[in-house]
């Protein structure tokens, strides 16, 4: 049986109210690692970035006869379980060149492949709220996407032009949950984060505002690209001090810093956990900065179209690229 760490603390210590308890459970999470998902046809396997390239973990495990997690879901659920030792051995060994892939010829899947929940945060940057003439929210504005929206680095996203025409970009910092957590205090919230990645909340604005519910405009197929890498949380000590940018066909459209967030990453996670349990593998989009097409004056709104190439980057997390079709 795998060892599980479970923590209970009095409600008063966590600031959650009389009689409540904060609950966090999960295995120790890997540190100092940068993960990718390698796509092979319709299947996914685990990759780990190294100085030699992206290590194909499944191939390395087979070569060295080791049983280790071979998908990102297994790593998040089980922890390291010999993975870091296998990576070190592969990097140090001679004659293992075939185990490593260059990023330029790697087919990527989403860096998290099957989350139970995809949480989104709306209007969470001060200057973005201002450009859209939206009042600063009193609490995080949460909504969801579905798993059909997930896609990876260098993917092609087919725009649903039969139902929409006002397509927009939103670069975002994404936090990936690593431990089950319920009613977690803001002070403890970052301790449940497995890692961080770059994401883009691709949006169809005409569908988004067709009704009071955002779902239709947010969860079309491929509208949640994430990656290329998932960087473990220990390498990002302050997620609220990162440069964040988005380019369309090489033109910079968004350039800001996560310090402009209204609600910090910890505040969003804590707030969500007051209402439902966050599970390992859940992903949390934390909002987008100013510069989206929706924020332009109407006469300057030139919406995205087929053929556009989008690059999204968050400091220390890599650049996510995708093409519209």
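Read-outs: derived from the displayed coordinates by stated rules, not from any lab. Just so it is clear, the model here is predicted, and its values are computed rather than measured. Glycine gets a Cβ as well: all are built from the backbone with ideal geometry, and neighbour counts include every protein chain shown.
If you work out percent of Cα pairs over 28 Å apart from the coordinates, which of [x] 44; [y] 40; [z] 52 do you get?
Read-out taken from this structure: [y].
State whether region 86-145 is rounded, prolate or oblate according to the following rule on the C-alpha gyration tensor (a ≥ b ≥ c being the square roots of its eigenvalues): a/c under 1.5 gives rounded; otherwise a/b larger than b/c gives prolate, and the remaining case gives oblate. Before the final figure, lay out each step's value.
Numbers: a/c = 3.73, a/b = 3.03, b/c = 1.23.
Prolate, since a/c reaches 1.5 and a/b exceeds b/c.
What is the Cα coordinate range of region 45-179 on the first, second and third principal axes, sorted by size from largest, in whole angstrom?
Ordered largest first, region 45-179 gives principal extents of 59, 34, 25 Å.
For the chain, what does the helix formula give at 222 nm: sum of -39500 (n - 2.57) over DSSP H segments with n ≥ 4, over the residue count, nearest 500 deg cm²/dmol? Numbers along the way, then the final one.
Working: 8 runs with 52 residues, N = 325.
Calculated from helices alone, the mean residue ellipticity at 222 nm is -4000 deg cm²/dmol.
Output the antiparallel fraction of DSSP beta bridges having both residues in region 118-324, as a percent to the nearest 5.
On the way: 40 of 47 bridges.
Beta bridges within region 118-324, antiparallel portion: roughly 85 percent.
Hey, in the GNM for the chain with a 10 angstrom Cα cutoff, which one of 94, 128, 275 fluctuates hardest?
94
What ranking, highest mean first, results for peptides 279-286, 228-235 when packing means the other Cβ atoms within 10 Å averaged over each residue? Don't skip to the end; give the middle numbers.
Values: 279-286: 24.0, 228-235: 21.9.
Packing proxy ranking, top to bottom: 279-286, 228-235.
In whole percent, what relative contact order does the chain give with Cα contacts below 8 Å and a gap of six or more residues?
Values: 805 pairs, mean separation 72.3, N = 325.
Result for the chain is 22 percent.
Picking from 175, 92, 164, which is most flexible by a Gaussian network model of the chain using Cα springs under 10 Å?
Per the Cα network of the chain with a 10 Å cutoff, 92 tops the list.
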